[in-house]
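The values are calculated or read from the model by the stated rules, or taken from the named source; none is laboratory data. Computed from a prediction, not measured in an experiment: that's the story for all the values here. No Cβ is skipped: glycine too gets one built from the backbone with ideal geometry, and neighbour counts run over all protein chains shown. The area values use the complete protein model at the heavy-atom level, side chains included, leaving out ligands, DNA and RNA. Shrake-Rupley method; radii C 1.70, N 1.55, O 1.52, S 1.80 Å.
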Amino acid sequence: MATKIYIDQGHNPQSPNAGAEGNGLREQDLVYPIGIELARRLNANPDYEARLSRPTPTTTIGTSNSSSLRLRVADANAWGADYFISLHANASNISAASGSEGFAFSRPSVAFSFGEAILRRMTDVTGLRNRGMQVRTNLYVLRKTAMPAVLIELGFITNPGDAFLMRDNPALFAEGIYQGIVEYVGN
């Protein structure tokens, strides 16, 4: 049976639950194509089945921040996902801040190790610094999912190098995440 991966492209195309902005770009516009590319790779491998929270660029989930998060988690839980990955772009008031990092609900955990594999392979492929995994117990998508869940900050939207790499090369990020999934799950 195929391993089911739920890919949550963080945020909505507009409010409610719009994401960060930087360098003339919007977080929700950067993470959308990366999720599409990742799902394409996973669905091309018979050992995996991927589902997207935002299957189209105009998909809006919920009517508030809280309902948006609740509906994403409910969809993943109802589908019976084996793993949940929420894709985001980081932001900082320090424009030199750069790199990829991830969050899991606890450590040690399957999710924490899963996130480490994703970050390791993603940073190998993208060349961005691996800022490591951290525990974050206050994030709804990590607390309420019924399966191991990670939130991955792909890069900093406020750093021009990171931001334009995400915009211009979404397939790089998707490939790195895909390799991390395969490394961790197998197949």
request  = Specify which of the listed residues (Ser68, Ser113) is within 26 Å of Arg167 (Cβ to Cβ) and part of a helix (DSSP H, G or I).
outcome  = Ser68
ask   = In this structure, does Arg54 turn out to be within 21 Å of Phe173 (Cβ to Cβ) and either in contact (Cβ under 8 Å) with a residue 12 or more places away in the chain or exposed (fewer than 14 other Cβ atoms within 10 Å of the Cβ) (or both)?
value = yes
request  = Return a yes/no flag: does segment 63-81 have any residue that is among the acidic types (Asp, Glu), within 18 Å of the chain's Cα centre (by Cα), at pLDDT 95 or above and open to solvent by 50 Å² or more (accessible area, probe 1.4 Å).
outcome  = no
task = Determine whether segment 77-100 contains at least one residue that is on the phi > 0 side of the Ramachandran plot, touching a residue at least 40 places away in the same chain (Cβ under 8 Å) and not β-branched (Val, Ile, Thr).
result = yes
query = Within segment 93-127, how many residues are among the acidic types (Asp, Glu) and either in contact with a strand residue (DSSP E or B) (Cβ under 6 Å, 6 or more places away or on another chain) or buried (at least 17 other Cβ atoms within 10 Å of the Cβ) (or both)?
reply = 2
task = Give the residue that is farthest from Ala96 (Cα to Cα), with candidates limited to residues of segment 155-183 that are among the β-branched types (Val, Ile, Thr) and under 16 Å from the mean Cα position of the chain (by Cα).
result = Val182
ask   = Somewhere in segment 5-17, is a residue open to solvent by 10 Å² or more (accessible area, probe 1.4 Å), at pLDDT 95 or above and under 17 Å from the mean Cα position of the chain (by Cα)?
value = no
inquiry  = When you scan segment 128-138, do you find a residue that is touching a residue at least 40 places away in the same chain (Cβ under 8 Å) and either within 30 Å of Pro46 (Cβ to Cβ) or crowded, with 19+ Cβ neighbours inside 10 Å (or both), even just one?
reply    = no
